[in-house]
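As structure tokens, the structure follows; a few thoughts come after it.
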Amino acid sequence: MTSTASQPAPAATTRTGEPLLEVQGVEKYFPGRRTGLLGQKGNPVKAVDGVSFSLGTGETLGLVGESGCGKSTTGRAVSKLIEPTGGTVRFEGRDVTNLSPRQMRPLRRELQMIFQDPYSSLNPRHTIGTVIGAPFAIQGERPKGGTKRAVQGLMERVGLNPEHYNRYPHEFSGGQRQRIGIARALALRPKLIVCDEPVSALDVSVQAQVVNLLEDLQSEFGLAYIFIAHDLSVVRHISDRVAVMYLGKIMEITDRDTLYEAPMHPYTHALLSAVPVPDPTTEARREKILLTGDLPSPSNPPSGCVFHTRCPKYKNELSESEREHCRTVEPVIEEKRPGQSVYCHFPQVRSDLIDGEPGPIRTTKPKAA
Amino acid sequence: MVDTSPSAAAVRDFADEQPFLVVDDLRVHFPTDDGLVKSVDGLSFELRRGEILGIVGESGSGKSVTAQAILGLHKGSQAKVTGRILLDDQDLVPLSENEMRRVRGDEVSMIFQDPLSSLHPFYTIGNQISEAYLVHHKVSKKEARQRTIEMLQKVGIPNAAGRYDDYPHQFSGGMRQRAMIAMALICQPKLLIADEPTTALDVTVQAQILELIKELRDELNSAVIIITHDLGVVAETCDQVVVMYGGQCVEKGAVDDLFAQPEMPYTWGLLGSMPRMDRVRQERLTPIPGSPPSLINVPKGCVFNPRCRFSDRVEGRRCFTEHPDLLPTTSTTHEVTRHEVRCHIPPEERQQILLTEIRPTL
Amino acid sequence: MIRFVVSRLIGMVLVLIVVSMVTFLIFQAVPLLAKSSPVYYYIGKAPATPELLQSLTHRFGFDQPLPAQYWSYLAGFFGKSVTDGTSAAVQCPFPCFGYSFRRNELVSTLIGQALPVTISLAVGAAILWLIGGLTVGTLSGLKPGSLVDRAGMTGALAAVSLPIFFTGPVALLIFVYTLGWLPDNNGYVDITQNPVGWFLSLLLPWICLALLFAALYARLTRSNVLETMNEDYIRTARAKGLDRRTIVVKHGLRAALTPVVTIFGIDIGGLIGTTIITETVFNLRGLGTLSIQAIRDLDLPVLLGVTVVAAFALVIANFIVDVLYGFIDPRVSV
């Protein structure tokens, strides 16, 4: 409770002590579109607007939010698939913000990505042996025992039949294609994998297989994940810490149990209350906090707190002078309770959103004890 | 807009009402070069007015094909539809395309998964909705416009009159789905089918849309079918549920019964695969091994047997040789909707497995 | 909307300037690089005394720096007096493309004579191939695999494979020389003098030229219709209870035929430059024949003129398509 300045959430205790990835005030503004030859240039689209977090070795950070909140862009900016327009990204203590693609190449071994649509990110004309082996070729590495052997080892590890080495992507089901993507990301033994909606396109039963695989690989290789998803249940399951994003900014970031059982930001409240749980008795007693209105445009965000236009608390609970404050002064994300940083002038703990009863739900066992 | 009222569905009782929709032994088969695809193979259920039925299943389970069959959308295609679909005692299966056309949009209407691709990009929202009204009502365009604007207001589109002439791309995802709902409801259908109505939407928008469907159900007293892969949506919205796998119903019952006492190994698999936000569960998920069955070479015996962990609990090799019937369970509490399951495992044993092996892992 | 039109117009002018600049450079600068003189374009290869060569070079302005030459060429468009090389100056009104010494005519006069032929040919053929291609394509696309579809697509394949220099002479042989159904007037008949003769003289060229395009359009239309009829919004239209006719015409064809508009605009604009073979086969003295003759004669002013006219047609067609597209597809912000 001592921290008062606009510090981001402190790095969660990591196994090595020093954070693997430190992201400080990262911005990604896309230039506004010019309308025609004579048109005026529009406002820049602030897809990511000052995002800070850090991530320890072997840790999983969940990044949640609705479409257009900037979570995918954040993932891409952090993994340097796109250039951030502001802020710094430090990987293993080294500033990598402004490295060119060429300078990034050695770092690519350490930092990989998995995408949502496994099919569109696989070249249909390449056999999956080639696809999974591509990182070796790009990095000019000859693994022990030859590329083919290494690739088949990877295939076996992610649950693919190594005999399918020469098959093409279209011969595989959605879940298997995601395994291909994972095997490729894994080839060079990275330390961090940014997973962008890796299980969203999969059926529930297959999704569970892939989630389990990701967890197994994490404990086996000490991987860190940034897990970008809109499914709050999956994120709760897999993450150590969770950041909730809205309109390019982090609204709340804390460890997962606190986020789900004692969230402080009104947006987190609305998000959690909206997810239906597969239990009719619980559902019947849960309160739904419905948001009204549409997501504002990221090229023209509201003044003050970016959430105030849709904030149920702003609408129903605050006094006029408090509202005035929300409209005019932008909150900074700061630690409101130990380890829980919130972007809100009037945060408030709510613990009744998930099971409809106040108080903590049964404590979760520590992950991967 | 904070809604604290408990789900109205939970307190409704349909005991006195006659079924409004009866689907009886519905089969939808598609001949292809590779063989006959049995997308839906012997599906039966009943639905009363004011009731919401959830059809749950993964891709390829036949849930969307069922919805399209009820609306007669397979007419004019290669598909072979047999069985009976009784809507208010009228069988829809033998109707011609032209007869079915009068039913569509008027008595039965449908909401689709992706509102952007389901709306025509070249016509205004208002034009497309009023078209649905004009086709079934002899009114002037002006009256249709008025009616459309009322409908847009009802589904919660602000400044409805002003947005009448907007094109779909000028609407947000949630607003588009509201417009689709307005289109589906403008003729006050007695049966509304929603095919994954919220899958393409964000969770806060999903909550709004589900709320809207429930409100409109209450107002019109329509029967509603919601097709979804999300058991959470079912628990939140539905009165009864049909679990589909490989084109068949493997378990069905009142929502309270089915969630309290699921008895089919596939339903256990679905529940075990789902990460839970609302309760402590053991760290690892319990996925269903393998992948969904081919609908051309449907497994012999029980359609779920290649992926079932419990087929060794059945004497002999019945799971592999004998197709199980959909039989009532002993755990039905609901007066009207029986809880039924398609499984060879003896009922006592099933309940024992649920208690000792399944429950602790959920 | 106005902003869109204005910005597109500016773009058009820029394109035309670039086209004229490139053609100008090719024809003026290439002889210079070859240590020859572009003046030979004008006076032919006949030996001339060095003095005469020099005075002609000066008179035509070829001794000036290139930018100055280009500028005077550009400025010349808007009317100036040009010399015919022998006698007094000839007044050349807008659009002045200069004077062809080979043909002893103003280039604008030559183009003015050729243009109606090419336009008649192009417009007539376009109407034919639009009707034919869209009809066959739509019918095929609505019932894929049917007899109509298979017949239509086989025909289209044949039409695409047969070149005009084959179909043209064969058609002439059959319908003019053997059957005698069409008059053998060997060339173009002016529409203002004899409309029936005009029509009859162009009928075969139209059909031959249209056949190729109709086949391409039928295939394009078929695949568009096929794709559109599988769109989700067609399913929505059926779910509303609309009748088949409304579904196909209002919801299906509007979307399916929109991309055809784009192709059509570009095709008809580009046609001006591509009717050469048809014109040659049927002995029509249009722009194609004119440019071939000019290439043979190294008649620079004519070539420049035809190039600029063809480019202008293409640019205008594109502009019209863009504006039309804005009306047809509301997602294109105009």
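The values are calculated or read from the model by the stated rules, or taken from the named source; none is laboratory data. Only a predicted model underlies this, so the values are computations on that prediction, with no experimental measurement involved. Note that we place each Cβ from the backbone using ideal geometry, even for glycine, and neighbour counts take in every protein chain shown.
Go through (1) more than 8 Å from every other protein chain (Cβ to nearest Cβ); (2) surrounded by fewer than 24 Cβ atoms within 10 Å (Cβ to Cβ) and name the single condition A:E252 misses.
Result: A:E252 fails condition (2) only.
What are the pairs with Cβ atoms under 6 angstrom where one residue, in segment C:226-249, is facing chain B (nearest Cβ under 7 Å) and the other, located anywhere, is buried (at least 20 other Cβ atoms within 10 Å of the Cβ) and among the hydroxyl-bearing types (S, T, Y)? Sequence gap at least six, or different chains.
Short answer, once both residue conditions are applied: C:D232/B:S118; C:Y233/B:S118; C:T236/B:S118.
Considering A:G56, A:G75, A:G50, A:G68, which residue is at pLDDT below 95, closer than 17 Å to A:K191 by Cα and more than 12 Å from the chain's Cα centre (by Cα)?
From the options A:G56, A:G75, A:G50, A:G68, the qualifying one is A:G56.
Read through the list (1) under 26 Å from the mean Cα position of the chain (by Cα); (2) free of Cβ contacts under 8 Å to residues at least 24 places away in the same chain; (3) within 9 Å of chain A (Cβ to nearest Cβ), then give the number of the only condition that B:P306 fails.
Unmet condition: (3).
Given the criterion under 30 Å from B:V22 (Cα atoms) and either of a type in the set (A, V, I, L, M) or within 14 Å of another protein chain (Cβ to nearest Cβ) (or both), identify the matching residue among B:R217, B:R163, B:R178. Quick ask: steps written out before the conclusion?
Working: B:R217 fails: either of a type in the set (A, V, I, L, M) or within 14 Å of another protein chain (Cβ to nearest Cβ) (or both); B:R163 fails: under 30 Å from B:V22 (Cα atoms).
Only one candidate qualifies: B:R178.
Out of segment A:269-305, which residues are part of a helix (DSSP H, G or I) and away from chain B (no Cβ under 11 Å)?
none
In segment B:182-266, which strands (runs of 3 or more DSSP E) lie fully inside it and hold 2 or more residues that are of a type in the set (S, T, N, Q) and surrounded by fewer than 23 Cβ atoms within 10 Å (Cβ to Cβ)?
Numbers: elements: B:191-195, B:223-228, B:240-245, B:248-254.
By residue number, no strands (runs of 3 or more DSSP E) qualify.
Taking C:T167 as meeting all but one of (1) of a type in the set (S, T, Y); (2) loosely packed, with under 13 Cβ neighbours inside 10 Å; (3) modelled with pLDDT under 85, write down the number of the exception.
C:T167 satisfies every listed condition except (2).
Would you check which residues across segment B:99-122 are more than 8 Å from every other protein chain (Cβ to nearest Cβ) and either farther than 26 Å from B:S59 by Cβ or assigned to a helix (DSSP H, G or I) (or both) and list them? Can you show your working first?
Keep residues of segment B:99-122 that are more than 8 Å from every other protein chain (Cβ to nearest Cβ), which gives B:99-100, B:107-108, B:111, B:113, B:115-116.
Matches in segment B:99-122: B:E99, B:M100, B:E107, B:P115, B:L116.
Listed here are the residues, each with its yes/no results for (1) hydroxyl-bearing (S, T, Y); (2) in a loop (DSSP other than H, G, I, E, B); (3) modelled with pLDDT of 75 or more.
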| residue | (1), (2), (3) |
| --- | --- |
| C:L9 | no, no, yes |
| C:V15 | no, no, yes |
| C:V22 | no, no, yes |
| C:P31 | no, no, no |
| C:A46 | no, yes, no |
| C:C96 | no, yes, no |
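Go through (1) away from chain A (no Cβ under 13 Å); (2) in contact with an Asp or Glu (Cβ under 6 Å, 6 or more places away or on another chain) for B:V224 and report which single condition fails.
(2)
When residues of segment A:176-208 are filtered for being within 14 Å of chain B (Cβ to nearest Cβ), hydrophobic (A, V, I, L, M, F, W, C) and not in a helix (DSSP H, G or I), how many remain?
Taking segment A:176-208 as the starting set, the residues that turn out to be within 14 Å of chain B (Cβ to nearest Cβ) are A:176-179, A:197-208.
If we keep only those that are hydrophobic (A, V, I, L, M, F, W, C) too, we end up with A:199, A:201-202, A:204, A:206, A:208.
Adding the requirement that they be not in a helix (DSSP H, G or I) leaves A:199, A:201-202.
The total comes to 3.
How about segment A:93-121: which of its residues are of a type in the set (D, E, K, R) and under 24 Å from A:G181 (Cβ atoms)?
A:R105, A:R108, A:R109, A:E110, A:D117
Determine the pairs where a residue that is within 11 Å of another protein chain (Cβ to nearest Cβ), located within segment C:312-334, has a partner that is among the aliphatic types (A, V, I, L, M) with Cβ atoms under 6 Å apart, the partner being 6 or more residues away or on another chain.
What qualifies is C:V334/C:M1.
How many residues does segment B:181-214 hold that are within 13 Å of chain A (Cβ to nearest Cβ) and either among the small types (G, A, S) or within 21 Å of B:H136 (Cα to Cα) (or both)?
Number satisfying all stated conditions: 2.
I need the full set of residues from segment C:231-288 which are in contact with a helix residue (DSSP H, G or I) (Cβ under 9 Å, 6 or more places away or on another chain), more than 28 Å from C:S120 (Cα to Cα) and hydrophobic (A, V, I, L, M, F, W, C), in order please.
Those that are in contact with a helix residue (DSSP H, G or I) (Cβ under 9 Å, 6 or more places away or on another chain), more than 28 Å from C:S120 (Cα to Cα) and hydrophobic (A, V, I, L, M, F, W, C): C:I234, C:A237, C:A239, C:L242, C:I247, C:V248, C:L253, C:A255, C:A256.
Confirm whether A:P135 is more than 20 Å from A:Q209 (Cα to Cα) and crowded, with 18+ Cβ neighbours inside 10 Å.
yes
Looking only at segment B:258-283, how many residues end up being more than 7 Å from every other protein chain (Cβ to nearest Cβ), out of contact with any strand residue (DSSP E or B) (no Cβ under 9 Å at 6 or more places or on another chain) and among the acidic types (D, E)?
0
Can you tell me which condition A:S121 does not meet? The list is (1) modelled with pLDDT under 90; (2) farther than 21 Å from A:Y165 by Cα, and all the others hold.
(2)
Residues to consider are C:V302, C:V281; find the one that is modelled with pLDDT under 90, crowded, with 24+ Cβ neighbours inside 10 Å and within 27 Å of the chain's Cα centre (by Cα).
Of the residues listed, the single one that is modelled with pLDDT under 90, crowded, with 24+ Cβ neighbours inside 10 Å and within 27 Å of the chain's Cα centre (by Cα) is C:V302.
Consider C:I131 against the criteria (1) of a type outside the set (S, T, Y); (2) surrounded by fewer than 19 Cβ atoms within 10 Å (Cβ to Cβ); (3) at pLDDT below 90: it satisfies all of them except one. Which criterion is unmet?
Status for C:I131: all satisfied but (3).
For segment C:17-26, which positions are buried (at least 16 other Cβ atoms within 10 Å of the Cβ) and either touching a Lys or Arg at 6+ places or on another chain (Cβ under 6 Å) or more than 9 Å from C:T307 (Cβ to Cβ) (or both)?
C:F24, the sole residue that qualifies.
Considering B:G156, B:G162, which residue is assigned by TED's automatic domain parsing to the domain that holds B:G126 and either assigned to a loop (DSSP other than H, G, I, E, B) or crowded, with 24+ Cβ neighbours inside 10 Å (or both)?
Matching residue, one of B:G156, B:G162: B:G156.
Only one of these is in a helix (DSSP H, G or I), more than 25 Å from the chain's Cα centre (by Cα) and aliphatic (A, V, I, L, M): C:A151, C:A158. Name it.
None of the others qualify; the one that does is C:A151.
Could you list all residues from segment B:123-141 that are more than 9 Å from every other protein chain (Cβ to nearest Cβ) and more than 12 Å from B:A184 (Cα to Cα)?
Listed by number, the residues that qualify are B:I125, B:G126, B:N127, B:L134, B:H137, B:K138, B:V139, B:S140, B:K141.
With the checklist (1) in the same structural domain as A:S54 (by the TED database); (2) crowded, with 24+ Cβ neighbours inside 10 Å; (3) farther than 19 Å from A:L353 by Cα in hand, flag the one item A:D240 doesn't pass.
All conditions pass for A:D240, except number (2).
Anything in segment B:202-224 that is aliphatic (A, V, I, L, M) and touching a Gly at 6+ places or on another chain (Cβ under 8 Å)? List them, or say none.
Our first condition is that a residue be aliphatic (A, V, I, L, M); within segment B:202-224, this holds for B:203, B:205, B:207, B:209-210, B:212-213, B:216, B:220, B:223-224.
Of everything in segment B:202-224, those that are aliphatic (A, V, I, L, M) and touching a Gly at 6+ places or on another chain (Cβ under 8 Å) turn out to be B:V205, B:I209, B:L212, B:A223.
For segment B:319-340, state whether one or more residues are closer than 27 Å to A:N212 by Cβ and part of a helix (DSSP H, G or I). Please lay out each step first, then the result.
Residues of segment B:319-340 closer than 27 Å to A:N212 by Cβ: B:319.
Right, trim to part of a helix (DSSP H, G or I) and you get B:319.
Yes.
If I filter segment C:257-272 for residues that are crowded, with 23+ Cβ neighbours inside 10 Å and either out of contact with any strand residue (DSSP E or B) (no Cβ under 8 Å at 6 or more places or on another chain) or within 14 Å of chain B (Cβ to nearest Cβ) (or both), do I get at least one hit?
Yes - at least one qualifying residue is present in segment C:257-272.
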